[in-house]
Amino acid sequence: MTDWISLAAGQSYPSGTLYVVATPIGNLADLSLRALHVLGLVDAVACEDTRNTGQLLTRVGLHRPLLAVHEHNEREAAERINARLAAGERIAYVSDAGTPGISDPGARLVEAARAAGHAVVPLPGPSATVAALSVAGAMLDSGDGRFTFAGFLPPKARARADAIAGLATLDHAWVVYEAPHRIADTLAALAAALPAGRRLLIGRELTKLFEQIQVLPVSEAPAWLAADPSRAKGEFVLVVEGAAPAAADAGLPDARAQQVLGLLLAELPAKRAAKLAAAITGAPTDALYRLALAQRAEGDADDEATA
Ligand code: SAM
């Protein structure tokens, strides 16, 4: 039988290097052999949350010194890590789950290490985005496999509707992350803004015990979520199919027209804003008016929710 650990251990892991290590998004067994080896080899593990990473290391039988790197100390932590790299140490960086830098911290540390002339080596592994895309099947056909990663949508309804409007005309699939307390609002906003038949993949709790992967027309998504209260729990990644070329022409106004509409809508009634946006951009008034009404309804709901 192949000695898998020796396979990982037999490779070269230069000293004075920052190793950016992907960790599981929910299933411990997804930690790669190289990740396991490097986490045991490094002089210290820099991480978003020492408690979380401490638990991960304990579960795989490792004990390494941990260095907390968070929003508030990132610059100072980067200096300390650079000094250790300069002394020839190996340092790993891990975020709470998945691939560092993907809607997660890590970018500043990478930037600082590279600027100081240290090697930065990625150890690829789990990411909710790639996991969801890998089972999106023909939803990726519209853009010949291209996709846009949109991260988290803005939490406020109006900003979220603007962001969705900007993504809605893309000719390829797009990926969105969402938290459980906002999933119902986001699915409602997607259903309001997109053509009813546009396909949506809902990836819930990927790689975990209660993993769910549901592909359905976006108009059915709110009802799917409401049908079972347990469906609103956990972590979500959404893949939205791209607009077909004909639908892109006949459907939503282009991104610039939507942006102009958004600005006017902040000052004017929906009808007037749509008319002016149409005059400025050449986009059809009726499509702009429908969008304006949807955004205004969203905004009102948001105002009520925050009042
Ligand atoms: N860096 C991570 C990655 O590579 O996927 C993402 C970090 S981001 C702070 C966390 C978000 O990713 C969650 O709110 C959720 O939207 C998504 N996510 C993480 N794990 C997931 C899972 N097991 N199933 C579905 N979505 C997940």
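The values are calculated or read from the model by the stated rules, or taken from the named source; none is laboratory data. Since we're looking at a predicted model, the values are computed, not measured. For neighbour counting, all protein chains shown are included, and Cβ atoms are generated from backbone atoms with ideal geometry for every residue, glycine included. In case anyone asks, the SASA skips ligands and DNA or RNA and just uses the protein heavy atoms, side chains included. Shrake-Rupley method; radii C 1.70, N 1.55, O 1.52, S 1.80 Å.
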Using a simple spin-label model with points 7 Å from Cα along the Cα→Cβ vector, what separation in nm is obtained for ARG108 and ASP141?
4.5
Starting from the Cα of ALA115, step 7 Å along the direction of its Cβ; do the same at PHE152; then give the gap between the two resulting points in nm.
2.5
I'd like the Karplus ³J(HN,Hα) series for segment 169-174: coefficients 6.51, -1.76, 1.60, θ = phi - 60°, whole numbers in Hz, and an x wherever there's a Gly or Pro.
8, 4, 8, 9, 5, 9
In percent, how large is the relative contact order of segment 13-126, given Cα pairs closer than 8 Å and 6 or more residues apart?
45
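Counting only DSSP beta bridges with both residues in segment 13-126, what percent are antiparallel, rounded to the nearest 5?
5
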By the C-alpha gyration tensor axes a ≥ b ≥ c (rounded if a/c is under 1.5, else prolate when a/b exceeds b/c, else oblate), the shape of segment 129-247 is oblate
ARG182 versus GLU220, label points 7 Å from Cα toward the beta carbon: distance in nm?
2.7
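Quick check on the chain: of the DSSP beta bridges with both residues there, what percent are antiparallel, nearest 5%? The partial results should precede the final answer.
Values: 17 of 36 bridges.
Antiparallel: roughly 45 percent of the beta bridges in the chain.
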What translational diffusion coefficient, in µm²/s and rounded to a whole number, does the Stokes-Einstein relation yield for segment 13-126 at 4 °C and a viscosity of 1.567 mPa s, taking the hydrodynamic radius as the Kirkwood radius over Cα pairs?
95
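Once R0 is set to 22 Å, what does the formula 1/(1 + (r/R0)^6) return for the Cβ-Cβ distance between ALA68 and ASP43, expressed as a FRET efficiency to the nearest 0.05? Walk me through the intermediate numbers first.
Details: r = 16 Å, r/R0 = 0.72.
Efficiency, rounded to the nearest 0.05: 0.90.
With a probe of 1.4 Å, find how much accessible area the chain has per residue, and write the answer as a whole number in Å². Could the numbers behind the result be given before it?
Working: 15120 Å² over 307 residues.
Per-residue value: 49 Å².
Looking at the chain, what % of the alpha carbon pairs are farther apart than 32 Å? Mind dumping the intermediate values first?
Details: 19096 of 46971 pairs.
Value for the chain (Cα pairs over 32 Å): 41 percent.
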Going toward the positive end of the dipole of the chain, with +1 on Lys and Arg Cβ and -1 on Asp and Glu Cβ, which of ILE213, VAL38, PRO180 do you reach last?
VAL38
Show me 155-166, 216-227 ranked by packing, highest mean number of other Cβ atoms within 10 Å first.
155-166, 216-227
Taking 0.36 nm per intervening residue step and subtracting the Cα-Cα distance, what contour gain separates ALA232 from ASP171 on full extension?
19.1 nm
For LYS208, which aspartates and glutamates qualify as cross-link partners when the Cα separation must be under 18 Å and same-chain residues fewer than eight apart are set aside?
ASP30, ASP96, GLU178, GLU235
Please list, ordered by chain and number, the residues whose modelled amide H lies under 5 Å from the amide H of ASP96; skip anything fewer than 5 residues away on the same chain.
GLU48
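Calculate what fraction, in whole %, of the accessible area of the chain sits on carbon and sulfur atoms when a 1.4 Å probe is rolled over the protein chains.
On the way: 8440 of 15120 Å².
Here it works out to 56 percent.
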What is the set of long-range amide H partners of LEU67 at a cut-off below 5 Å, with H atoms built 1.01 Å from backbone N?
VAL45, ALA46, CYS47
Hull-based mean projected area of segment 71-150, where the convex hull spans the alpha carbons, in square nanometres:
6.6
For segment 223-232, Karplus couplings with θ = phi - 60° (6.51, -1.76, 1.60), whole Hz, Gly/Pro x:
5, 4, 5, 6, 5, 8, x, 5, 5, 8
